[in-house]
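Visitor: Mind looking over this structure? Questions follow.
Only the coordinates and a few stated rules stand behind these numbers; no lab work does. Please read these numbers as outputs of a predicted model, since none were measured by experiment. Cβ: placed from backbone, ideal geometry, glycine included. Neighbour counts: every protein chain shown.
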Amino acid sequence: MYRGKDYWKNYMDKWFGSDLIEAWEDKVRIEKIQSFGKEINLEIYESTKEDAPVIVFSHGIAGYARVLLPFIMPLFNKGYTFIVPDLQGYGYNEGLKGDFEWNAHVQNLKDTAAYAKERYKGSILLGGASMGGPLAYSAASACDFVDGLVCWCLWDFSDREFMLNETRTGKATYLLIPMFKFMSKILGNMRLKTYQLVSYDTLTDSEEFNELLKKDPQAGTHVTIKGAASLVLDSAPAVIHRNYMKPVLVVQPGEDRMTPKKYIKKTFDALGSEKKKYIEIEGAAHFPTNSAAYEKWAVEVDTFIRENRL
């Protein structure tokens, strides 16, 4: 059992293979940048190809950069550069865990994309898994230099139907907004267990994995009152989906119970881009615990980028 800063290795050893631990130790470079008034951690997987496409990839509400190894390594092995930030309040960043706001995370991704644009010659794509998808959309739609979007799940986090049906607060969500606003002003840094608001029981198809993550010192186990309020108040995208015209790939796990596919299909259908593609991976949970789903993901992303000459 790994503990502390090595806790992430538990997932690799048990579900994804210890070779990913070795790959991370061999291939990843750590950088830090300033974003939204704080320093954030970047994990960089750099291709040997000078003009390789660069994918800035975001974790969601439960994870952090290093947990995304199963998404990253199959594409890194195909020649892509990845830059994966620990968003504010997560991972190996300093400061209080769970202390963030929606707009801070969007800015973290915009700043990471700007870092990539400054240093690399290849095309720049934004992407994310789980809540990282909506965050990546918000950041990409605000960055003219981003060439496209590749997401594992993409939905409108501000969708009223989603908030009412898929959060623990349910029909009380909007009734609680005045309370959240008030408490944000006087107890903004007070923390709640994140999975009291958003269930982690459907994160994977493994109860053992879900329970393990709830104890991960780097993961999204807590959220401040102001952070929780921002998810409701600030998550509506500044650019509506029908006005987004750049290429978009959406890969959706077919048996996703955390973000059911009806919300993803609704958002995908609303996208204005003529170069959009929806792929569903049959039988896959929200965060699959088998490598086959990630191999399929990598093939679809690689094919999409090549087809669109990104």
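Visitor: Calculate how many DSSP beta bridges within the chain are antiparallel, expressed in % of all such bridges and rounded to the nearest 5.
Guide: 40 percent
Visitor: How much length is gained on full extension from residue 50 to residue 78, taking 0.36 nm per residue of separation minus their Cα-Cα distance?
Guide: So the chain would gain 8.7 nm between residue 50 and residue 78.
Visitor: Suppose the chain between residue 31 and residue 164 were pulled fully straight at 0.36 nm per residue; how much longer would it get relative to their current alpha carbon spacing?
Guide: Length gained between residue 31 and residue 164: 44.0 nm.
Visitor: Now for a separate question. Rounded if a/c is under 1.5, else prolate if a/b beats b/c, else oblate: with a ≥ b ≥ c from the C-alpha gyration tensor eigenvalues square-rooted, which is the stretch 37-139?
Guide: prolate
Visitor: Sketch the reach of a paramagnetic label on residue 103 as a point 7 Å from Cα along Cα-to-Cβ, and name the residues of the stretch 36-52 whose backbone nitrogen lies under 16 Å away.
Guide: The answer is 36-38, whose backbone nitrogens lie closer than 16 Å to the label point.
Visitor: Test of understanding: ordering 295, 300 by Cβ neighbours within 10 Å, fewest first, what list do you get?
Guide: Listed from fewest to most nearby Cβ atoms, that is 295, 300.
Visitor: Points 7 angstrom from Cα along the Cβ direction at residue 96 and residue 206: gap in nanometres?
Guide: Distance between label points: 3.3 nm.
Visitor: Using only Cα atoms, what Kirkwood radius does the stretch 201-310 have, in angstroms?
Guide: Result for the stretch 201-310, one decimal place: 16.2 Å.
Visitor: For the stretch 123-132, what does the Karplus curve 6.51 cos²θ - 1.76 cosθ + 1.60, with θ = phi - 60°, yield as ³J(HN,Hα) per residue in whole Hz, taken in order and with x for Gly and Pro?
Guide: Using θ = phi - 60°, the values come out as 4, 10, 10, 9, x, x, 10, 6, 4, x Hz.
Visitor: Which of 38/193; 97/185; 226/262; 181/266; 78/214 have a Cα-Cα distance over 25 Å?
Guide: Pairs exceeding 25 Å: 226/262; 181/266; 78/214.
Visitor: Computed FRET efficiency, Cβ-Cβ of residue 22 and residue 145, R0 25 Å: what is it to the nearest 0.05?
Guide: With a Förster radius of 25 Å, E is 0.15.
Visitor: When a footprinting reagent is the concern and you count Cβ atoms within 10 Å, what order do 241, 59, 105, 286 take, fewest first?
Guide: Placing the least packed residue first, the sequence is 241, 286, 59, 105.
Visitor: Follow-up. So if I take the centroid of the Cα atoms in the stretch 279-300 and the same for the stretch 27-101, what is the distance between those two points in Å?
Guide: First find each Cα centre; the distance between them is then 20 Å.
Visitor: For the stretch 230-310, which trypsin sites (Lys or Arg not before Pro) are both in a DSSP coil and crowded by at most 16 other Cβ atoms within 10 Å?
Guide: 257, 275, 309
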